[in-house]
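Take a look at this one; I'll ask things after.
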Amino acid sequence: MYCEKCCRIIDSDRCPVCKSRRVREPEAKDPCFLTELGYINSSVLEDLLRQNQIPFMKKDAIGAGITSRIGVVLEKNIFYVPYEELEAAKAIVEELFTEVQEDAEEQPE
């Protein structure tokens with residue numbers, strides 16, 4: 001099911017995130033929540049989605065006013081992709097963070 005309020009794919013008739021009952025079957029073009037990332041990882045994901053020709057929408061999670069005060073290092077971005085591209089985009093995110101985690105584990109302390 002698809003929650004129209006928070007744009008998430010869910011497994012029930014009520015969204016566990018926003019508690020909305022406005023859920024329905026997803027349609028191909030519905031924007032779906034993919035992930036929330038910090039500034040550096042957001043840039044990497046944007047590049048990978050573009051390379052794979054996956055359309056996306058990116059929103060600031062904390063707002064431009066706060067970002068201008070605290071700086072881009074603490075900036076967070078929320079990514080949405082069309083439902084029809086969600087599985088491909090999830091695979092990119094999983095691969096990206098598997099590599100990041102493996103690299104971090106290989107670094108000597």
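Please list the non-local residues whose amide H lies under 5 Å from the amide H of ARG8, H modeled 1.01 Å from N, same-chain partners needing a gap of 5 or more.
CYS3, PHE33
At what distance in nm do the modelled label points of SER43 and GLU94 sit from each other, each positioned 7 Å from its Cα along Cα→Cβ?
About 2.8 nm separates the two model spin labels.
Another question about this same structure. So what's the net charge close to LEU49: Lys and Arg +1, Asp and Glu -1, counting the other residues with Cβ under 15 Å from its Cβ?
Residues close to LEU49 contribute a combined charge of -4.
What does the charge count around LYS5 come to, taking other residues whose C-beta lies under 10 Å from its C-beta (Lys +1, Arg +1, Asp -1, Glu -1)?
+3
Throughout, read-outs are computed from the coordinates displayed, never taken from laboratory work. Only a predicted model underlies this, so the values are computations on that prediction, with no experimental measurement involved. Neighbour counts run over all protein chains shown; Cβ positions are idealised from the backbone, glycine included.
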